[in-house]
C-alpha cells in the first residue's frame, strides 16, 4: 500500500466542484483506488479545509474523514516546540511563511518517513527540507 500525506488544498479541491485542481485530484484518487492508497493528514489540515469550504461541502468533507477517507494523526502539545521552530525558520527566511497545517505535515513526515504529499502548495513544499535533507515528492 502506498502512503501519501494529504494537505488542505486537495481536500478543498475534491469537495469543491468549481476548484481548478478538482479534475487533477479526482484522477489521482481514481488511480490510487486501483493500486491502494492510504492518505494521512492532521487536524490542522482538516480544520483549514473545513474553513475554506462552504456548507454543505464542508460537511461532506468531514463525513468523508469520519468514514476513514483519510487517517488523521493527532499530535501532542509537546510537538508544538518543533513545529514552531520550523515555522519560524521558514518564515524568517524572507520567503512565504509555513503555517500550522504545513508544519503539522512536516512533523508527520518526520514521524513516518513519508515524503509524498498531495498539495496545491507546490512552492511551499518544494522549499521545505526535512532534517535529513530530503525534500517532498509532490503528487
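When 24, 51 are checked against the criterion of being part of a helix (DSSP H, G or I) and under 21 Å from residue 116 (Cβ atoms), 24 stands alone in meeting it.
Checking the stretch 62-76 against the condition returns a match, with at least one residue being under 16 Å from residue 118 (Cβ atoms), assigned to a helix (DSSP H, G or I) and in contact with a helix residue (DSSP H, G or I) (Cβ under 9 Å, 6 or more places away or on another chain). Note on the stretch 32-48: among residues that are modelled with pLDDT of 95 or more and part of a helix (DSSP H, G or I), the one that is surrounded by the most Cβ atoms within 10 Å (Cβ to Cβ) is 45. When restricted to residues that are closer than 15 Å to residue 108 by Cβ, surrounded by 14 or more Cβ atoms within 10 Å (Cβ to Cβ) and touching a strand residue (DSSP E or B) at 6+ places or on another chain (Cβ under 7 Å), the stretch 53-82 contains 3. If the Cβ limit is 6 Å and pairs must be 6+ apart or interchain, which residue in the stretch 53-80 that is on the phi < 0 side of the Ramachandran plot and modelled with pLDDT under 95 pairs with which residue that is surrounded by 14 or more Cβ atoms within 10 Å (Cβ to Cβ) and in a loop (DSSP other than H, G, I, E, B)? Hits for this filter: zero, empty list.
The values are calculated or read from the model by the stated rules, or taken from the named source; none is laboratory data. Note that this is a predicted model, so its numbers are computed, not measured. All Cβ positions, even for glycine, are placed from backbone atoms using ideal geometry, and neighbour counts span all protein chains on display.
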